[in-house]
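Down below is the structure, laid out as structure tokens.
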Amino acid sequence: MSVSKRKFTRDFKIQVVQEVEQGFKTRAQINREYELSEGLVAKWIAAYKKDPQNAFTGVNTGGNSEVDKLKAKISQLEWALGRKTMEVELLRETVEKLRASGVVKRG
């Protein structure tokens, strides 16, 4: 019986890393939820911390062309947007919970 090797998209890897790094989930939760090995997730986190813009792209970080620089900038901005989106969602959920508990009132 052979085990097929799964391939993960760059967006998926970034999502996993962000969920751990921003404290939404623990590594153990990620490992169970997505059926990933602890070593794989640790490898993704290390690669992302080293170079967020080019992590999982296969782009050489020493690229000098204008296109490479623009692609890296787009990647960086997409990452920042994703992070801010998650932060906004977390804040909305927190406010909803506080309103439901009566700690914060509307208005």
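Derivation of every value follows stated rules applied to the coordinates shown; laboratory data play no part. Bear in mind the structure is a predicted one, so any value in this text is a computation, not a measurement. Note that we place each Cβ from the backbone using ideal geometry, even for glycine, and neighbour counts take in every protein chain shown.
Within a Cβ distance under 13 Å of Val41, other residues only, what is the Lys/Arg minus Asp/Glu net charge?
Summing Lys and Arg as +1 and Asp and Glu as -1 gives +1.
Taking 7 Å along the Cα-to-C-beta vector as the label spot, tell me the Glu38-Asp11 distance in nanometres, rounded to one decimal.
Simple spin-label model gives 3.1 nm for this pair.
If I build a Gaussian network model for the chain, linking alpha-carbon pairs within less than 10 angstrom, which residue out of Phe12, Phe56, Phe24 has the largest mean-square fluctuation?
Phe12
Given the options Val41, Val67, Val17, state which has the largest fluctuation in a GNM of the chain using a 10 Å cut-off (strictly under) for Cα springs.
Largest GNM mean-square fluctuation: Val67.
What does the charge count near Leu98 come to, summing +1 for each Lys or Arg and -1 for each Asp or Glu among other residues with Cβ under 13 Å from its Cβ?
Computed value for this residue: +3.
For the chain, what is the calculated [θ] at 222 nm in deg cm²/dmol (nearest 500), taking -39500 (n - 2.57) for each run of four or more DSSP H residues and dividing by its residue count?
Values: 4 runs with 69 residues, N = 107.
Value at 222 nm, helices only: -21500 deg cm²/dmol.
What translational diffusion coefficient, in µm²/s and rounded to a whole number, does the Stokes-Einstein relation yield for region 23-107 at 4 °C and a viscosity of 1.567 mPa s, taking the hydrodynamic radius as the Kirkwood radius over Cα pairs?
On the way: Rh = 15.8 Å.
Translational D for this selection: 82 µm²/s.
First select every other residue whose beta carbon is under 14 angstrom from the beta carbon of Asp11; then total the charges, Lys and Arg +1, Asp and Glu -1.
Net charge around Asp11: +2.
Between Gly58, Gly82, Gly23, where does the largest GNM mean-square fluctuation fall for the chain, given springs only between Cα atoms within less than 10 Å?
Highest fluctuation among the options: Gly58.
Enumerate lysine pairs in region 10-101 that are 8 or more residues apart or on different chains, then count those whose Cα atoms are under 19 Å apart.
19
With charges set only on the Cβ (+1 for Lys and Arg, -1 for Asp and Glu), what does the dipole of the chain come to about its Cα centre, in debye to the nearest 20?
On the way: 21 positive and 14 negative charges, 28 e Å.
Rounded to the nearest 20 debye, it is 140 debye.
So which aspartates and glutamates can Lys5 reach, going by Cα to Cα under 15 Å and dropping same-chain residues fewer than 8 places off?
Correct list for Lys5: Glu35.
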